[in-house]
Amino acid sequence: MKTDHLIELLAQDAPVRSNLSHMLQQASIAAVLIVAIAFFSAIGFRPDIDTAMDTGRFLFKFVITIALAVTGGLVMYRVGRPGVPLLWWAWALLVPLALSVGAAVFELSVMPPEIWMSLMIGHNSRLCLTIIPSLSAGPLACFLVALRHGAPAQPGIAGAAAGLASAGIAATFYAANCNDDSPLFVLLWYPIAISVVTGIGALAGHKLLRW
C-alpha cells in the first residue's frame with residue numbers, strides 16, 4: 001500500500017472533532033451568560049451604582065478585570081493547540097497585574113499613610129473570596145468542556161488558563177457589586193480569589209485534558 005493512500009484511509013477512519021476555536025467561542029458566550037444570570041438573580045449591583053459610576057476608582061476595577069479575562073482567554077485559545085507558541089501571550093498576562101500595581105502605587109501617593117491599611121483590608125474581603133470563585137464555576141466548566149475538543153500539550157496549563165479567563169469574567173461582574181473601590185483592596189483580595197480558581201482549573205485540566 002502506498003503511503004499517501006494509507007494516510008488517506010487513516011484520515012477517513014479518524015473521528016470528526018469539532019473545531020476548537022468554534023467550541024471556545026461558544027463556551028465564552030455561554031460563560032458570560034451563566035455568570036450574568038447568576039449575578040443578576042442572586043447578587044445584583046451595589047446600592048450606590050449610579051454614584052459609583054462617576055468615580056474613576058470604580059471604573060478602573062473593570063479595566064483590570066476585563067484585561068484579565070481577555071488575556072486569560074487569549075492564552076486559553078492558544079494553549080489548546082500543540083506546538084503553538086505561548087511565550088508572548090504569557091507575558092500579556094502581566095498587563096492586568098501591571099495595571100493593578102500602577103493604580104495601587106498611585107493611591108499610596110495620594111492617600112495619607114494612616115488609612116492605607118484600612119483601604120487594603122476593606123469591608124468585603126470575605127464576599128470577594130466567596131463570590132468570585134462561585135461565579136467562576138460555570139465558566140470554568142464550559143471552557144474545560146471546550147478544551148477537550150483540542151489537544152493541549154500541557155493540560156495543567158490549559159486548565160489554569162481556563163481558570164484565569166473564568167475568574168476574569170466572574171471578577172468583572174463582582175466588581176459591580178463590590179463597594180471597596182480602592183486599588184489596594186483590588187490588588188490584595190482579587191488575586192487571592194483568582195488564584196483559587198486558577199489552581200482549581202490547573203488541577204481539573206491535568207485530570208480532564210490529558211490525551
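For segment 64-91, a residue qualifies if it is open to solvent by 70 Å² or more (accessible area, probe 1.4 Å), over 17 Å from Leu147 (Cβ atoms) and in contact with a helix residue (DSSP H, G or I) (Cβ under 9 Å, 6 or more places away or on another chain), and the qualifying residues are Ile66, Val70, Pro85.
Scanning segment 59-92 for residues that are over 19 Å from Pro139 (Cα atoms) and either basic (Lys, Arg) or within 19 Å of the chain's Cα centre (by Cα) (or both) yields Leu59, Phe60, Lys61, Val63, Arg81, Leu86, Leu87, Trp88, Trp89, Ala90, Trp91, Ala92.
Here Trp211 meets each of (1) part of a helix (DSSP H, G or I); (2) out of contact with any Gly (no Cβ under 8 Å at 6 or more places or on another chain); (3) under 23 Å from Tyr77 (Cβ atoms); (4) open to solvent by 60 Å² or more (accessible area, probe 1.4 Å) with one exception, condition (1). Can you tell me which residue within segment 116-144, out of those that are of a type in the set (Gly, Ala, Ser) and part of a helix (DSSP H, G or I), is surrounded by the most Cβ atoms within 10 Å (Cβ to Cβ)? The selected residue is Ser136. The one condition from (1) in contact (Cβ under 8 Å) with a residue 60 or more places away in the chain; (2) surrounded by fewer than 22 Cβ atoms within 10 Å (Cβ to Cβ); (3) farther than 20 Å from Val95 by Cβ that Ala202 does not meet is (1). Taken across segment 141-156, residues that are of a type outside the set (Lys, Arg) and more than 26 Å from Trp91 (Cα to Cα) do not occur at all. Keeping to segment 142-199, report how many residues are within 17 Å of Val101 (Cα to Cα) and not small (Gly, Ala, Ser). Result for segment 142-199: 13. Restricting segment 166-180 to residues that are within 17 Å of the chain's Cα centre (by Cα) and open to solvent by 20 Å² or more (accessible area, probe 1.4 Å) leaves a set whose member that is nearest to Tyr77 (Cα to Cα) is Ile169. Picking from residues in segment 181-191 that are of a type outside the set (A, V, I, L, M, F, W, C) and buried (at least 23 other Cβ atoms within 10 Å of the Cβ), the one that is nearest to the chain's Cα centre (by Cα) is Tyr190. Listed conditions (1) in a helix (DSSP H, G or I); (2) more than 26 Å from Phe62 (Cβ to Cβ) are all met by His149, apart from (1).
Is segment 112-120 home to any residue that is under 20 Å from Thr172 (Cβ atoms) and not aliphatic (A, V, I, L, M)? The answer is no, given that none of the residues of segment 112-120 is under 20 Å from Thr172 (Cβ atoms) and not aliphatic (A, V, I, L, M).
The listed residues are Leu99, Leu94, and the only one of them that is under 19 Å from Ala67 (Cα atoms), at pLDDT below 95, open to solvent by 40 Å² or more (accessible area, probe 1.4 Å) and aliphatic (A, V, I, L, M) turns out to be Leu94. With the structure loaded, tell me whether Gly163 is outside any loop (DSSP other than H, G, I, E, B), buried (at least 21 other Cβ atoms within 10 Å of the Cβ) and within 13 Å of the chain's Cα centre (by Cα) or whether it fails that test. Yes, satisfied.
The values are calculated or read from the model by the stated rules, or taken from the named source; none is laboratory data. Source: prediction; values computed, not measured. Glycine gets a Cβ as well: all are built from the backbone with ideal geometry, and neighbour counts include every protein chain shown. Ligands, DNA and RNA are stripped out before the accessible areas are found, and what is left, the full protein with its side chains, is counted by its heavy atoms. Shrake-Rupley method; radii C 1.70, N 1.55, O 1.52, S 1.80 Å.
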